[in-house]
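The values are calculated or read from the model by the stated rules, or taken from the named source; none is laboratory data. Just so you know, these numbers come straight off a predicted model, no measurement behind them. Cβ atoms come from the backbone with ideal geometry, glycine included; neighbour counts cover every protein chain shown. The area values use the complete protein model at the heavy-atom level, side chains included, leaving out ligands, DNA and RNA. Shrake-Rupley method; radii C 1.70, N 1.55, O 1.52, S 1.80 Å.
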Amino acid sequence: MLHRLSANNSSFKAFAFRNGFNIIVADRRFETEIEDKEPQRRTRNGVGKSSLIDVIHFLLGGKPEGALTSEIVSEWTYHLTLDVGDERFTVERCPAETKLLIETDIGTSSPFRSGSEIPNSAWTNFLGATWFKLSPNRPPGGASFRQLITYFTRRRRDGGYDDPIRTFRAQTNSVSEANLAVLFGIDAEIVRRFYKAKNSLKQIQVAQKALRDIDKSSPAGSRRIDLEAQLSAMMAAATLARDQLRARIDAFNVLPIFRELEQELASLNQRGRDLSDEDVLDSEALDANKNALETEGVVRGPQLEKLFTEAQLVFPAVINRRYEEVYQFHQKLIENRRTQLQNENSSILRRIQERQPQREALEIRRRQIITALKTGGPADELLRLRDELSNKEGVVRVLEARLIEARSLEQQAEDLQQEIEEAVRALRQDRRERSSIIDQASRIFSEISERLYESPGQLAISASEQGLRFLPTMPSSQSAGIMSMQIFCFDFTMAALCQSRGLGPGFLLHDSHLFEPVDGRQFARSLRLGAEYSQEIGIQYIVTLNSDELMRAELEGKDSFSEFVIKPVLSDEPDGGLFGVRFD
């Protein structure tokens with residue numbers, strides 16, 4: 001419970017809080033001609049309603065925010081008297097100082113000596129242990145005092161009025177669910193273990209994707225297969241290429257006359273082509289001679305005789321020999337020609353036969369040189385092959401390391417998946433074992449919402465593969481300000497559960513921003529319910545409101561809340577704000 005808020009500067013508006021319902025009002029009193037002509041500019045922004053919550057946050061271990069960061073008030077010392085457990089403390093803190101001062105009653109069992117200066121961490125550890133039974137050695141992902149207290153002191157700046165489950169806009173499910181598990185009496189360690197394994201699994205999956213994306217040249221389809229299988233296939237191909245090159249190097253012979261052998265092989269190839277050309281020419285000549293032998297023959301007698309008779313008629317003085325003599329001469333010419341062709345054919349065949357052994361010897365030598373060149377080479381070629389082997393071995397080593405890492409990541413992923421499944425089972429089992437607490441929370445939420453809407457809302461708390469989910473719903477989901485009323489019901493449900501278990505700070509603060517979207521009658525009903533229910537469960541309920549908002553609630557709701565307004569009333573006069581100074 002909070003008792004008194006003050007500062008060492010007389011211009012600061014000190015507040016003495018009462019048990020039950022407290023309303024802090026910001027009134028509009030200062031008028032100008034501009035305000036009369038432009039009523040839309042009339043405002044109570046800057047008078048200190050939200051700053052009051054900032055000061056309370058600061059005195060409960062928070063950092064200076066909002067107006068507290070201004071140089072005008074940075075040297076002021078602020079005081080808050082409050083109950084922590086069964087003892088009363090006064091904490092004094094200055095934004096410009098690193099430590100704070102603690103005052104306690106004499107003879108108390110407080111771990112702090114009255115009048116001692118202590119680090120801010122010691123103060124928050126003490127509050128967390130007393131109000132929420134937190135261990136000072138908070139495990140990673142566990143709830144902290146500063147996270148838990150924000151559910152009792154929401155701020156619009158942080159996004160506290162955007163969602164019942166979260167008090168900060170960027171708050172993750174793992175943080176909000178771990179916090180609410182503590183506040184609602186569920187095993188927060190299981191929630192922490194679940195999200196620790198889940199977050200670790202996400203990191204493993206990111207590492208697996210990065211490992212898969214290293215090889216940008218691999219086909220797109222291959223990236224969809226199992227990473228270990230993909231790397232194993234790449235490893236097999238790289239190992240084969242390395243082994244083949246290594247075998248080639250093992251069989252490699254360094255030939256000092258490598259270049260001479262290359263030149264000899266070129267000469268042999270040219271000589272082989274020359275022999276082939278000579279064979280072609282001789283074969284063509286042989287074919288021509290054979291054709292000549294077949295076509296060359298003795299001209300038939302009647303033809304020669306006819307030619308001889310015609311010649312005598314034309315040239316009687318010249319043609320004086322007999323036909324028989326001419327015929328015998330012609331036959332002799334033909335026989336000589338045939339003999340000449342046959343002799344030439346014999347020479348051709350002999351040359352072809354003589355070239356055959358040359359061709360065979362040449363082919364044997366060519367094969368010898370080719371074999372030597374394939375299995376050997378100059379020394380610089382061997383060095384090149386060894387360099388290539390070193391590169392291929394490097395590729396194999398890299399793939400081997402990636403494969404080992406992939407197998408390790410896969411094993412870690414499997415282990416983490418198993419941890420997640422075990423945590424989900426434990427979370428479900430814990431929810432069943434704490435069904436009385438869950439039922440109590442749902443019953444309280446339904447009761448509060450029914451008193452607001454005359455029909456009950458619902459608060460479902462589920463344990464599943466998605467984690468520990470808190471799902472509040474209201475009966476009039478289409479009405480204005482439904483989110484604000486969800487937060488109102490949720491916060492009172494949380495405060496009631498904590499109070500019943502001896503936990504919590506014993507107070508709940510709501511800023512005027514919570515009620516801005518709510519219609520007047522619903523607004524009045526929620527204020528009346530807050531006054532009644534805070535008394536029923538034994539907590540202090542503090543609300544900051546603008547005077548016209550309070551008037552709207554009273555007029556439209558036909559109710560009066562003046563008895564709950566505490567002094568002083570803040571105003572928009574130059575010295576009427578919380579700090580008594582203007583910052584603009």
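Would you call Pro574 over 47 Å from the mean Cα position of the chain (by Cα), assigned to a loop (DSSP other than H, G, I, E, B) and within 19 Å of Ala16 (Cα to Cα)? I'd like the intermediate steps shown before the answer.
Working: over 47 Å from the mean Cα position of the chain (by Cα): yes; assigned to a loop (DSSP other than H, G, I, E, B): yes; within 19 Å of Ala16 (Cα to Cα): no.
No, not satisfied.
Please verify whether the stretch 525-536 includes one or more residues that are touching an Asp or Glu at 6+ places or on another chain (Cβ under 8 Å) and either over 26 Å from Pro456 (Cα atoms) or open to solvent by less than 10 Å² (accessible area, probe 1.4 Å) (or both). Yes, there is a match, as at least one residue in the stretch 525-536 is touching an Asp or Glu at 6+ places or on another chain (Cβ under 8 Å) and either over 26 Å from Pro456 (Cα atoms) or open to solvent by less than 10 Å² (accessible area, probe 1.4 Å) (or both). Across the stretch 235-258, the number of residues qualifying as part of a helix (DSSP H, G or I) and either at pLDDT 80 or above or surrounded by 11 or more Cβ atoms within 10 Å (Cβ to Cβ) (or both) comes to 16. Residue pairs whose Cβ atoms lie under 6 Å apart, sitting 6 or more positions apart in sequence or on different chains, and linking a residue in the stretch 521-542 that is farther than 17 Å from Val25 by Cα to a partner that is surrounded by fewer than 23 Cβ atoms within 10 Å (Cβ to Cβ) and among the charged types (D, E, K, R), are Arg521/Glu556; Leu529/Arg451.
Put simply, of Gln208, Gln263, Gln230 the only residue that is touching a Leu at 6+ places or on another chain (Cβ under 8 Å), modelled with pLDDT under 85 and either in a helix (DSSP H, G or I) or not polar (S, T, N, Q) (or both) is Gln208.
This table checks each residue for (1) within 21 Å of Phe579 (Cβ to Cβ); (2) acidic (Asp, Glu); (3) out of contact with any Asp or Glu (no Cβ under 7 Å at 6 or more places or on another chain).
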| site | (1), (2), (3) |
| --- | --- |
| Gly66 | yes, no, no |
| Glu71 | yes, yes, yes |
| Ser74 | yes, no, yes |
| His79 | yes, no, no |
| Asp83 | no, yes, yes |
| Ala96 | yes, no, no |
| Lys99 | no, no, no |
| Ile102 | no, no, yes |
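Between Leu68, Leu101, the distinction of being at pLDDT below 95, part of a helix (DSSP H, G or I) and either under 26 Å from Phe12 (Cα atoms) or out of contact with any Gly (no Cβ under 9 Å at 6 or more places or on another chain) (or both) belongs to Leu68 only. Being surrounded by 14 or more Cβ atoms within 10 Å (Cβ to Cβ) and among the charged types (D, E, K, R) is the filter here; which residues of the stretch 560-584 pass it? Answer for the stretch 560-584, where residues must be surrounded by 14 or more Cβ atoms within 10 Å (Cβ to Cβ) and among the charged types (D, E, K, R): Asp572, Glu573, Arg582. Would you check if Arg434 is open to solvent by 30 Å² or more (accessible area, probe 1.4 Å), closer than 26 Å to Tyr195 by Cα and touching a Ser or Thr at 6+ places or on another chain (Cβ under 8 Å)? Against the criterion (open to solvent by 30 Å² or more (accessible area, probe 1.4 Å), closer than 26 Å to Tyr195 by Cα and touching a Ser or Thr at 6+ places or on another chain (Cβ under 8 Å)), Arg434 does not qualify.
In the set Ile118, Ile72, only one residue is open to solvent by less than 40 Å² (accessible area, probe 1.4 Å), over 38 Å from the mean Cα position of the chain (by Cα) and β-branched (Val, Ile, Thr); that residue is Ile118.
Please go through the stretch 104-135 and pick out each residue that is in a loop (DSSP other than H, G, I, E, B) and either over 22 Å from Phe507 (Cα atoms) or free of Cβ contacts under 8 Å to residues at least 12 places away in the same chain (or both). Show your work before the answer.
Going residue by residue through the stretch 104-135, those that are in a loop (DSSP other than H, G, I, E, B) are 105-115, 133-135.
Selection gives Ile106, Gly107, Thr108, Ser109, Pro111, Phe112, Arg113, Ser114, Gly115, Ser135.
Reported count of residues in the stretch 386-419, each being open to solvent by less than 80 Å² (accessible area, probe 1.4 Å), farther than 20 Å from Leu201 by Cβ and not basic (Lys, Arg), is 10.
Going through the stretch 175-190 one residue at a time, which ones are open to solvent by less than 30 Å² (accessible area, probe 1.4 Å) and assigned to a helix (DSSP H, G or I)?
Our first condition is that a residue be open to solvent by less than 30 Å² (accessible area, probe 1.4 Å); within the stretch 175-190, this holds for 176-186, 188, 190.
Correct list: Ser176, Glu177, Ala178, Asn179, Leu180, Ala181, Val182, Leu183, Phe184, Ala188, Ile190.
Every residue in the stretch 75-98 that is touching a helix residue (DSSP H, G or I) at 6+ places or on another chain (Cβ under 9 Å), farther than 13 Å from Asn8 by Cβ and part of a loop (DSSP other than H, G, I, E, B), please. Across the stretch 75-98, the qualifying residues are Gly85, Thr98. For Phe194, the stated conditions hold: it is surrounded by 19 or more Cβ atoms within 10 Å (Cβ to Cβ), of a type in the set (A, V, I, L, M, F, W, C), more than 30 Å from His510 (Cα to Cα) and modelled with pLDDT of 90 or more.
Any residue in the stretch 484-500 that is more than 24 Å from Asn173 (Cα to Cα) and surrounded by fewer than 20 Cβ atoms within 10 Å (Cβ to Cβ)?
As a first pass, look at the stretch 484-500 and keep what is more than 24 Å from Asn173 (Cα to Cα): 499-500.
Next, only the ones that are surrounded by fewer than 20 Cβ atoms within 10 Å (Cβ to Cβ) stay: 499-500.
Looking through the stretch 484-500, at least one residue is more than 24 Å from Asn173 (Cα to Cα) and surrounded by fewer than 20 Cβ atoms within 10 Å (Cβ to Cβ).
Just to be sure before I move on: is Arg138 closer than 18 Å to Asp54 by Cβ and in a loop (DSSP other than H, G, I, E, B) in the structure I sent? So Arg138 does not fit the description; no.
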